[in-house]
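**Q** Let me give you the structure first, and then I'll get to my questions.
The values are calculated or read from the model by the stated rules, or taken from the named source; none is laboratory data. These numbers were taken from a predicted model, which means no experiment stands behind them. We place every Cβ from the backbone using ideal geometry, glycine too, and count neighbours over all the protein chains shown.
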Amino acid sequence: MPEHIEDDRVDRQASFRAIGVAAASYFAPTFVLGWVLGPIRELVFVPRCGRTSATALEAVLMAGATYWEARRVSYRLGKRSTRAKRYVVGAIAFAMILPLELLGARFVRRMSFRDYLSSLATPSGAIGVSMFAWYALAPGVIGGLHSNEHG
């Protein structure tokens, strides 16, 4: 195999590895924070101010943490990182968190899959869906805001 083809393959593998590591490092702290804030929301704030207000309060904290982590992971990827690569990081992290969210709904909150989907049609569910969208898109959006990249 010609040397330049081998070099391209090695560069691609390193890029895939960097994206995977970035996605895991984005996923881990936000996942842990969500699993800490969720019980606090359910046990402390839902009884005091209702589900929608409690979810909105948690969403503000999670949106800030998501911004922070998306910015951190964008810097970690470096200035040569493309917006597409940062969106892939968000997509992979979302793919990592979604099954865990569904398992948590099933085994922690004791919800069937149908009940979980129905809960997304409520105001607090809409907040949750918007937070998932923000989570998936943030690395691409935030990284683009904090780089010299245009477009």
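**Q** Kindly check whether there is at least one residue in region 64-72 that is small (Gly, Ala, Ser), at pLDDT 95 or above and within 12 Å of Gly140 (Cα to Cα).
**A** Yes, that holds for at least one residue.
**Q** If you don't mind, another one. Are any residues in region 114-132 touching a helix residue (DSSP H, G or I) at 6+ places or on another chain (Cβ under 6 Å) and without any contact (Cβ under 8 Å) to a residue 40 or more places away in the chain, and if so, which ones?
**A** Tyr116, Ser119, Leu120, Gly125
**Q** Right, here's the next one. Given (1) farther than 18 Å from Phe16 by Cβ; (2) in contact with a Ser or Thr (Cβ under 9 Å, 6 or more places away or on another chain), identify the lone condition not met by Ala133.
**A** Unmet condition: (2).
**Q** With the condition being surrounded by fewer than 16 Cβ atoms within 10 Å (Cβ to Cβ), out of contact with any Gly (no Cβ under 7 Å at 6 or more places or on another chain) and not charged (D, E, K, R), I'd like the helices (runs of 4 or more DSSP H) fully within region 36-151 carrying at least 3 qualifying residues.
**A** 51-77, 83-107, 113-119, 123-145
**Q** From Thr66, Thr52, Thr82, grab the single residue that is within 15 Å of Ser124 (Cβ to Cβ) and not hydrophobic (A, V, I, L, M, F, W, C).
**A** Matching residue, one of Thr66, Thr52, Thr82: Thr52.
**Q** Let me confirm something: among Glu69, Glu101, Glu58, which residue is free of Cβ contacts under 8 Å to residues at least 40 places away in the same chain, out of contact with any Leu (no Cβ under 8 Å at 6 or more places or on another chain) and of a type outside the set (Lys, Arg)?
**A** Every option except Glu101 fails the conditions.
**Q** Is it the case that Lys85 is touching a residue at least 60 places away in the same chain (Cβ under 8 Å), out of contact with any helix residue (DSSP H, G or I) (no Cβ under 9 Å at 6 or more places or on another chain) and not hydrophobic (A, V, I, L, M, F, W, C)?
**A** no
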